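My questions all concern the structure below.
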C-alpha cells in the first residue's frame, strides 16, 4: 500500500477504538488468569501469588472427575476432528476440482448447514432424534453430533487452500501418465496439507469447546470439560474453576498459534 | 502427518475402549453438591465399583429427565419424600427386600414406615432438613421470622432476593405464606396465589437453586430461599447471614436414595445403599452437607458444631415444619400451570 | 497467476475427480443428512405431538404446543382465548438483544477492522492474530470470565469503589444489561474478522479519487468505503445476530434465569423441570424458521448485488 493512501485512509479515533476492542476482548480473560493464582479461598480478595488452585485441580478430591472429563473431551475432539477433516477433504475435492454438477449449490448449502442452524436448535433436534430411535446417549452420541458441526469448520480452510492451488500441477502429472490416485497422493495432497492441518485444528478446537450440543446429547454421568465446568460454575465461580479455565485458555491459544503458523508456512511456500 | 493422525486416532480409540472395559460401575443421579467426592472414592476403594455421577437441581428436573429417556441408564437417584411417591406411582422404582441390605436395621425407626414408602421397599433415608430462607443481617436488621421477607419484601431487600428454582418447594412455601392448603382445588385461591407470586416476582433478582448458596455468600443477593444445610455452608462463608424459621411455617423434607427401575447395575446399587447406611458414612454426608441423617449411631462421628448450629436447631417457639403433599394429577396440573406462568 | 489455465482445467481437460464426485461427496451427504437434516424433520414431527405428564411424549397429533405459544387461555385453560404475549415477548426481547449486540459490535468492530486493514502487513497480521485468539477461546470460559468481572463483589466494582468513582457497587449481574454485555463480548470477533476481510480487498485508490473530488474524510467513509465493503459488514452482522438470537450461556449465566431469552426457554423444556418436549420443539422450529427467512433474504440480496455488479 502506498503512503498517500495511508494518509487518506486515516480516521481520527479508529486507533483508539481498536485498542478499546482489544481491551474489551482480553480484560476478562486476563483477570481470570490473574485470579487463578490467588492464594485465597475467597475468589475476590487478593492474597498473594500461589499455585494452590492448580494443585487442587490436579491433586484435589475432584481431580479424577476432571481427568476423566479431559480424557473424554480429548477423545471426542480427536476422533471428531479426524473424521470431519477426512469428510471435508473429500468434499472439497469434489466441489472445487470436479466439473459443475447438478445439486452443487444444494450440496454447498448442506455442508454449511451446521453453521446456519443455531446451536440450540441443532442440540434439540439431535437429542430428539437420538431419543426417538432409542439410541443410547453416551460418548458415541456426543461424537456423532460433534462430527456434524465440525465439517464446515474443517471444510472452509481446506477449500480455501484448494482454490489457491492451480490445477496445472495435476495436469502436468496426468500428462506424464500418473494415475488419479498417484496424482492426488504425490502432488495434490502435499500441496493441500497446510489447509488440511489448519482445518483439522479448527475442528479440534470447535469440538473441544462445544457446550450446548454436548450438554443436550450427553448420557448418564458422561462429562466433557465444558459440561463439567458449567456444572461447577452453576454453584458459583470457585478458584479451581478459574485455574481450569486458564489451562483451557492456554491450550486454545497454543492451538490457534500452531494453526496460524501452519497456514503462514503454507502461504509463504507458494 | 497422516501416520501421526492415524496413530492419534488409534490411541484415542484405545483410550475410549479402555474406559468402557473398566470393571463394575454404578451410575448415580444425585442432587448437586450433596455427597463428598472423598466418600465416593472410598466406596470405589472398598468395593472396586467405579462411580459416575450426574446431578440435578430440583425434584421436578430429576423426574422430567428420567421420564424423557433417562430411565435404564441410572442405578440410583435421591428424590425428596413427595417425589418418591410420585415416581413410585409412575412405576419408576424397583423394589428390594430388607434382607438384601445387611444394614437395613440401621435405619432409624421413625423413618422406616413413612407414608411415601411404607416399610422402605424402594428407598432408604439419605438426609432430612428444612427449606426456608436466609437474610443478610448487614442489609436488613428488622424481623425476619415472616415469609413476607420473600413474598412481600421490605424496601431494603427488594431486587436482591434469590428464589429456589424448584416448583414443588417454592409453590408449597408460597401456599404457607398465604395460609392456603397445598393441594387446593379452589379456583379463587389458586388465582390469588398466582397473582401474589406475579407481584412478588417483580422484587426478585433471580431463580437459582445450585447457586443459592453462592449468591448469598458472595453478596449478590441479600435474601434468598435456601435449604438449611446449604444455608449453614453459606453462613460459614458470610457470617452475617441468618436462617429464618418463619411463623407462617416452613417446609421439612427427607431425601431418599431410591433404587431405579431397569437399573443396569442393581447389585452395585444395593451395595451403595448399604455403604450409605453405615453410620460413619452417613455422618460423613451430614458433616459435608450439614443436614441430618436418618441412620442410627451417627452421633459419634458428627461434627460437634452441627449439634448447636442455628440452621439445625429451630427456636423453641417456631412452628413445626410441613411436608410437601402429593396432589392428584388434575390438581398438580393446575400448580404446574401456576409455575409455568410464574417462570415465563 | 495461472488463472486461465485453472479455468481451462475445469472445462476442457479432465480433472482427477471427474466421475467420482458423488462417491467423494457421499460421506458428507450421509453424515449431515442423517445427523442434521433428518433430526430437524423429526423435531418438526415432535412439535405436533402430545406432551405426557411432566416429560415424555404421547404419539398423538395435536397443535397444543403451537397453541400454547400463541394463545393464552388463562390459568385453568377455559378463559376466552387471547393472544399470548409472553413467548412473543421473549422472542421480541431476544430479537432486540441480538439487534443491540449487532449494533454495538459494529460500532466497535468496524473501526477496529478498518484500523487493522490499514496497518503495514507485519503489524496487520499481528493485530489479526490478537483478534482471532478470543474467537477460538471457549465461549463458556469467556462468559464465566465476564460473570466474574461484573458481579457486585467482583473486580470491576471493587476497583471503581477503591478509586472513588462510585460509593456502592453497581448491580449489573442478573440484568438485561449483563446479557447485552455478554452477547456483545461473545460475538465481537465475529464482527471484526469478515469486515476486515472486505476492507483488505478494498482499493484505496477509490478513497483517493474521492478526496481528489473534494469529498471530506467522513463523506468518503460513508459514501465510498462502507458501500464498497458492504458484503463484509452484512456477513459480520449475520454472524453476530444469529448466534445472539439463540444464545443460551449469556442469558443463563449473566441473566439469572429470570430474564428469559429464546435459548433459555428452549433449554428449560428439555433440561429443566417442565419436560415439555413438544413445546421445546415448537419453539425451536419457530426460531429456525425466522433464521431461515433472514438467511433467505440475505442470499437473495447477495445474488442481486452480484448480478448488479457485472
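The values are calculated or read from the model by the stated rules, or taken from the named source; none is laboratory data. Predicted model, so just to flag it, every value in this text is computed and none were measured. Cβ atoms come from the backbone with ideal geometry, glycine included; neighbour counts cover every protein chain shown.
Which helices (runs of 4 or more DSSP H) does the range C:197-301 wholly contain that include 3 or more residues that are away from chain B (no Cβ under 14 Å) and more than 16 Å from the chain's Cα centre (by Cα)?
C:205-212, C:217-220
Also, quick follow-up: May I ask you to list the residues in the range B:298-319 that are touching a residue at least 40 places away in the same chain (Cβ under 8 Å) and within 25 Å of residue B:115 (Cβ to Cβ)?
B:312, B:314, B:318, B:319 - these are the residues of the range B:298-319 that are touching a residue at least 40 places away in the same chain (Cβ under 8 Å) and within 25 Å of residue B:115 (Cβ to Cβ).
Does residue B:269 satisfy the condition of being surrounded by 19 or more Cβ atoms within 10 Å (Cβ to Cβ) and out of contact with any helix residue (DSSP H, G or I) (no Cβ under 9 Å at 6 or more places or on another chain)? Steps first, please.
On the way: surrounded by 19 or more Cβ atoms within 10 Å (Cβ to Cβ): yes; out of contact with any helix residue (DSSP H, G or I) (no Cβ under 9 Å at 6 or more places or on another chain): yes.
So residue B:269 fits the description; yes.
Within the range A:119-140, work out how many residues are closer than 16 Å to residue C:30 by Cα and more than 9 Å from chain C (Cβ to nearest Cβ).
0
Follow-up question, since we're still on this one. Looking at the range B:55-67, which of the residues that are surrounded by 23 or more Cβ atoms within 10 Å (Cβ to Cβ) and not in a helix (DSSP H, G or I) is nearest to the other protein chains (Cβ to nearest Cβ)?
Residue satisfying both the conditions and the ranking: B:57.
Would you point out the residue of the range C:131-148, among those that are under 20 Å from residue A:18 (Cα atoms) and free of Cβ contacts under 8 Å to residues at least 60 places away in the same chain, that is surrounded by the most Cβ atoms within 10 Å (Cβ to Cβ)?
C:134
I'd like the full set of residues that are at pLDDT 70 or above, within 7 Å of chain A (Cβ to nearest Cβ), more than 16 Å from residue A:151 (Cβ to Cβ) and not in a loop (DSSP other than H, G, I, E, B), limited to the range C:1-37.
Listed by number, the list holds a single entry, C:21.
Right, next: Test each condition in (1) buried (at least 17 other Cβ atoms within 10 Å of the Cβ); (2) assigned by TED's automatic domain parsing to the domain that holds residue B:228 for residue B:123 and report the one that comes out false.
Unmet for residue B:123, out of (1) buried (at least 17 other Cβ atoms within 10 Å of the Cβ); (2) assigned by TED's automatic domain parsing to the domain that holds residue B:228: (2).
Here is a yes/no grid of residues against (1) surrounded by fewer than 24 Cβ atoms within 10 Å (Cβ to Cβ); (2) without any contact (Cβ under 8 Å) to a residue 60 or more places away in the chain; (3) under 19 Å from residue B:134 (Cα atoms):
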| position | (1), (2), (3) |
| --- | --- |
| B:190 | yes, no, no |
| B:193 | yes, no, no |
| B:200 | yes, yes, yes |
| B:225 | no, no, yes |
| B:231 | no, no, yes |
| B:236 | yes, yes, yes |
| B:239 | yes, yes, yes |
| B:247 | yes, no, yes |
| B:252 | yes, no, yes |
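If you go through the range C:143-167, how many residues are facing chain A (nearest Cβ under 7 Å) and assigned to a helix (DSSP H, G or I)? Give the steps one after another, and end with the answer.
We begin by selecting, within the range C:143-167, every residue facing chain A (nearest Cβ under 7 Å); these are C:144-149, C:153-155, C:158.
Checking the rest, the ones that are also assigned to a helix (DSSP H, G or I) come to C:144-149, C:155, C:158.
Final tally of qualifying residues: 8.
Do you know which residues across the range B:202-213 are surrounded by fewer than 24 Cβ atoms within 10 Å (Cβ to Cβ) and within 16 Å of residue B:229 (Cα to Cα)?
B:210
Residue-by-condition table, conditions (1) over 18 Å from the mean Cα position of the chain (by Cα); (2) part of a helix (DSSP H, G or I); (3) assigned by TED's automatic domain parsing to the domain that holds residue B:168; (4) under 30 Å from residue C:57 (Cα atoms):
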| site | (1), (2), (3), (4) |
| --- | --- |
| B:69 | yes, yes, no, yes |
| B:74 | no, no, no, yes |
| B:87 | no, yes, no, yes |
| B:95 | yes, no, no, yes |
| B:102 | yes, no, no, no |
| B:105 | yes, yes, no, no |
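Still on this structure, I have one more. Exactly one of (1) in contact with a helix residue (DSSP H, G or I) (Cβ under 7 Å, 6 or more places away or on another chain); (2) under 30 Å from residue C:148 (Cα atoms); (3) assigned to a helix (DSSP H, G or I); (4) at the interface with another protein chain (Cβ under 9 Å from one of its Cβ atoms) is unmet by residue A:258. Its number?
Result: residue A:258 passes all but (4).
Which is within 9 Å of another protein chain (Cβ to nearest Cβ), in contact (Cβ under 8 Å) with a residue 60 or more places away in the chain and in a helix (DSSP H, G or I), of C:188, C:181?
Numbers: C:181 fails: within 9 Å of another protein chain (Cβ to nearest Cβ).
Unique residue meeting the criteria: C:188.
Something else: Residue by residue through the range C:80-95, note down the ones that are in a loop (DSSP other than H, G, I, E, B) and in contact with a helix residue (DSSP H, G or I) (Cβ under 8 Å, 6 or more places away or on another chain). Full working, then the answer.
Residues of the range C:80-95 that are in a loop (DSSP other than H, G, I, E, B), as a first pass: C:80-81, C:84.
C:84 - this is the single residue of the range C:80-95 that is in a loop (DSSP other than H, G, I, E, B) and in contact with a helix residue (DSSP H, G or I) (Cβ under 8 Å, 6 or more places away or on another chain).
Residue by residue, here is whether (1) buried (at least 24 other Cβ atoms within 10 Å of the Cβ); (2) in contact (Cβ under 8 Å) with a residue 60 or more places away in the chain holds:
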position	(1), (2)
C:261	yes, yes
C:270	yes, no
C:274	no, yes
C:285	no, yes
C:292	no, no
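Can I ask one more? So which residues in the range A:219-258 are out of contact with any strand residue (DSSP E or B) (no Cβ under 6 Å at 6 or more places or on another chain) and at positive phi, if there are any at all?
Result: A:236, single match.
I would also like to ask the following. Answer with yes or no whether residue B:285 is in contact with a helix residue (DSSP H, G or I) (Cβ under 9 Å, 6 or more places away or on another chain) and in a strand (DSSP E or B).
Working: in contact with a helix residue (DSSP H, G or I) (Cβ under 9 Å, 6 or more places away or on another chain): yes; in a strand (DSSP E or B): no.
Considered against the rule, which asks whether it is in contact with a helix residue (DSSP H, G or I) (Cβ under 9 Å, 6 or more places away or on another chain) and in a strand (DSSP E or B), residue B:285 comes out as no.
A further question follows. Would you list the helices (runs of 4 or more DSSP H) that sit entirely within the range A:1-118 and hold 1 or more residues that are surrounded by fewer than 21 Cβ atoms within 10 Å (Cβ to Cβ), more than 10 Å from chain C (Cβ to nearest Cβ) and touching a residue at least 12 places away in the same chain (Cβ under 8 Å)? Write out each step before concluding.
Details: elements: A:3-8, A:14-35, A:52-59, A:63-92, A:104-116.
Per the criteria, A:52-59, A:63-92, A:104-116.
Then there is this: Of the residues in the range B:76-85, how many are in a loop (DSSP other than H, G, I, E, B) and in contact with a helix residue (DSSP H, G or I) (Cβ under 6 Å, 6 or more places away or on another chain)?
Kept after step one, since they are in a loop (DSSP other than H, G, I, E, B), are these residues of the range B:76-85: B:78-79.
Keeping just the survivors that are in contact with a helix residue (DSSP H, G or I) (Cβ under 6 Å, 6 or more places away or on another chain) gives B:79.
Summing the residues that are in a loop (DSSP other than H, G, I, E, B) and in contact with a helix residue (DSSP H, G or I) (Cβ under 6 Å, 6 or more places away or on another chain) in the range B:76-85 gives 1.
On the given criteria, is residue A:215 within 20 Å of residue C:263 (Cα to Cα), in a helix (DSSP H, G or I) and more than 11 Å from chain B (Cβ to nearest Cβ)? Working first, answer last.
Values: within 20 Å of residue C:263 (Cα to Cα): yes; in a helix (DSSP H, G or I): yes; more than 11 Å from chain B (Cβ to nearest Cβ): yes.
Yes: the conditions hold for residue A:215.
Of the residues B:278, B:299, B:311, which single one is touching a strand residue (DSSP E or B) at 6+ places or on another chain (Cβ under 9 Å) and farther than 28 Å from residue B:75 by Cα?
Working: B:278 fails: farther than 28 Å from residue B:75 by Cα; B:299 fails: touching a strand residue (DSSP E or B) at 6+ places or on another chain (Cβ under 9 Å).
Every option except B:311 fails the conditions.
From the residues in the range C:117-130 that are facing another protein chain (nearest Cβ under 7 Å) and under 30 Å from residue C:249 (Cα atoms), which one is surrounded by the most Cβ atoms within 10 Å (Cβ to Cβ)?
C:130
Identify the single condition in (1) part of a helix (DSSP H, G or I); (2) within 14 Å of chain B (Cβ to nearest Cβ) that residue C:77 does not satisfy, given that it satisfies every other one.
Only one criterion in (1) part of a helix (DSSP H, G or I); (2) within 14 Å of chain B (Cβ to nearest Cβ) is unmet by residue C:77, namely (1).
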